[in-house]
């Protein structure tokens, strides 16, 4: 993705409608990445971690509730489906008496696939392209069924918390790639949805590719693209671990990296903790950060996540990586973490420019 | 919708990308409308008529199987979800040995909502607009959850039959209206999906409206728009009754109208059967066609359906309305019905121009 990363203007100019709409848009507060591992059971095919999803949705609702609401009103659910009870949920009538939603919901949420989609994509090789092969074509269909079914469940989970969520599938709105790099990504509908007061919920998706027919567009790449275009105040990655470690988090000696600085040239350095072995050239430090890639992950795993986060930070947007459903994630989503205080666990990735101007 | 109907060029010019892509597209074979009443249990909230859906999907597969395939190959399913069995469906490996899909699947499918979506939309008044009202905003979210969940089930049903289906949600791809008339409807992603060998599956949806904030865009209006843009060989409406009747089909004296001609000025006449009371001015005949609109139908019911069908016929595209899952619908989907033979039950709506040139 590298050669495109430094050209936000090129991307902006590819969607002139977005440009115009953008001018009338109030600054985007936050883009949240819901990591696949945080909301699904990684080792069980197409299984949602209901408890985590509920907790993430509740925290998002809390983060969107303005501080002045000292005693928050009852959440009125927006999923009026049959399976939620018959006769349908009573909240419909309660909405009639409500004058305003009173939410600061200027958010975009992008989720990964976790145990949805990856299996279908990797078995068929959708990420490698070749739609003339029936296996790849079928895999494309199967992958989209799987990721859109997860998207629907996440939209439902958020709607139940009273967040006005609308699912927007990157394939459906015409996002495409050229040799796996984003080639066209019209964000005008996302912007219109935001302006209308909705929270767009995107996801990693199977998309068309100009050179290899098709590929998988990961949620991390989508986030970076949207961050370049919409310049949110901050970006939060919610994962199943506390943050970025210097080696696999399962290793008992793994150390949480609390603050990473990204220089203008894209190189990184770990500023907190002060690792004795991390003195020297930046590339050494980068390589000291060990990464694990799950066997089924067709989108690059943690390596992609970190490098995408670094590219966002380079734009001057601070990225927080933290564990979903914890007090740390709640504070992060609320926008309360500005440096990395000692009682907060997670990884802050910020531009060196911002750090030095503190 | 009337004032826009006669201006296909205006609609075409609104999507220049589609124009370019259109030139390289082989003629579209068929647009199918899967009526909500045909695939859901009308009187039971969010309940799919599984038997009908299975039968419709199987007939679509048969219609897409080229005639030369006298002994059709085993259908290899493209929905590889967990709920379909663990270990996952064996068809994945069978696809490896397949050289080509061998389907003439140059189709677009648009479905209605039936017992999905209508309830949510009518209770909240989404079709009447006003997103500043929490009830309408919540209804928009609830309606989209409901119709996209039906879309997912239909995509699954078709994929299980081996049809490479991709869900494309009109809201997500930016379709919008202006006082309920289509204002922008970029079909470029639909065209790209067709070119890549997929069958796009669209649906009636809650969309943004320039004047009243939001409304419901019905599947029938989507069909007419796509027909104007893509000029398919024929259009098929699959419903839960045999076709259009001169009075509610529950009336024992109801008579099936077998052939309707549409004149250049948009007026209709029933040419088969030869109804004695239908002599005279066309408007009399039109008004003789009694219609029923379900209480929850926010998109105009049969009246919209017939007038949209007439507008398609006026373009020179023959429209067939027939009962889903019957031998009549199978022959229609295959493109075998050219006039309305005596052993075929359904309603043909065609342009007078075409009838007179027979």
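Comparison of B:66, B:72 shows that the only residue that is more than 14 Å from every other protein chain (Cβ to nearest Cβ), at pLDDT 85 or above and either crowded, with 21+ Cβ neighbours inside 10 Å or in a loop (DSSP other than H, G, I, E, B) (or both) is B:66. Scanning the stretch B:97-118 for residues that are away from chain A (no Cβ under 14 Å) and surrounded by fewer than 21 Cβ atoms within 10 Å (Cβ to Cβ) yields B:104, B:106. The criterion of at least 2 residues that are touching a strand residue (DSSP E or B) at 6+ places or on another chain (Cβ under 7 Å), surrounded by 15 or more Cβ atoms within 10 Å (Cβ to Cβ) and at pLDDT 90 or above is met by the following helices (runs of 4 or more DSSP H) wholly inside the stretch B:1-54: B:36-39. Restricting attention to the stretch A:103-154, which residues are under 22 Å from residue A:168 (Cβ atoms) and without any contact (Cβ under 8 Å) to a residue 60 or more places away in the chain? Scanning the stretch A:103-154 gives A:120, A:141, A:142, A:145, A:147, A:148, A:151, A:152.
Remark: pairs (first residue in the stretch B:232-244, closer than 21 Å to residue B:49 by Cβ; second residue part of a loop (DSSP other than H, G, I, E, B) and modelled with pLDDT under 90; Cβ separation under 6 Å; 6+ apart in sequence or on different chains) = B:241/B:249. Before we move on, is residue A:216 closer than 17 Å to residue B:144 by Cβ, modelled with pLDDT of 95 or more and in a strand (DSSP E or B)? Considered against the rule, which asks whether it is closer than 17 Å to residue B:144 by Cβ, modelled with pLDDT of 95 or more and in a strand (DSSP E or B), residue A:216 comes out as no.
Rundown of residues vs (1) in a strand (DSSP E or B); (2) under 19 Å from the mean Cα position of the chain (by Cα); (3) under 30 Å from residue B:152 (Cβ atoms), yes/no style:
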site: B:202; (1), (2), (3): yes, yes, yes
site: B:221; (1), (2), (3): no, yes, yes
site: B:226; (1), (2), (3): no, yes, yes
site: B:235; (1), (2), (3): yes, yes, yes
site: B:241; (1), (2), (3): no, yes, yes
site: B:252; (1), (2), (3): no, no, no
site: B:264; (1), (2), (3): no, no, no
site: B:270; (1), (2), (3): yes, no, no
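The selection criterion, being facing chain A (nearest Cβ under 9 Å), surrounded by fewer than 24 Cβ atoms within 10 Å (Cβ to Cβ) and under 26 Å from residue A:90 (Cα atoms), holds for residue B:123. For the stretch A:150-173, what are the residues that are part of a helix (DSSP H, G or I), under 19 Å from residue B:166 (Cβ atoms) and touching a helix residue (DSSP H, G or I) at 6+ places or on another chain (Cβ under 7 Å)? Selection gives A:152, A:155.
Close Cβ contacts (under 8 Å, 6 or more residues apart or on different chains) running from residues in the stretch A:172-189 that are more than 10 Å from every other protein chain (Cβ to nearest Cβ) to residues that are surrounded by 21 or more Cβ atoms within 10 Å (Cβ to Cβ) and part of a loop (DSSP other than H, G, I, E, B) comprise A:182/A:175; A:185/A:170; A:185/A:175.
Filtering the stretch B:23-43 to residues that are farther than 17 Å from residue B:241 by Cα and in contact with a helix residue (DSSP H, G or I) (Cβ under 8 Å, 6 or more places away or on another chain) leaves B:24, B:25, B:28, B:30, B:31.
When the criteria are applied in full, residue B:315 meets the requirement of being modelled with pLDDT of 80 or more, surrounded by 13 or more Cβ atoms within 10 Å (Cβ to Cβ) and within 25 Å of residue B:219 (Cβ to Cβ). Against the list (1) over 15 Å from residue B:229 (Cβ atoms); (2) under 18 Å from the mean Cα position of the chain (by Cα); (3) facing chain A (nearest Cβ under 10 Å); (4) surrounded by 24 or more Cβ atoms within 10 Å (Cβ to Cβ), the condition residue B:152 fails is (4).
One line per residue, one yes/no per condition, for (1) touching a residue at least 60 places away in the same chain (Cβ under 8 Å); (2) over 15 Å from the mean Cα position of the chain (by Cα):
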| site | (1), (2) |
| --- | --- |
| B:308 | yes, no |
| B:327 | no, yes |
| B:346 | yes, yes |
| B:352 | yes, yes |
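The values are calculated or read from the model by the stated rules, or taken from the named source; none is laboratory data. Treat the numbers as computed from the prediction; the structure is a model and nothing was measured. Heads up, the Cβs are rebuilt from the backbone with ideal geometry, glycines too, and the neighbour counts pull from every protein chain shown.
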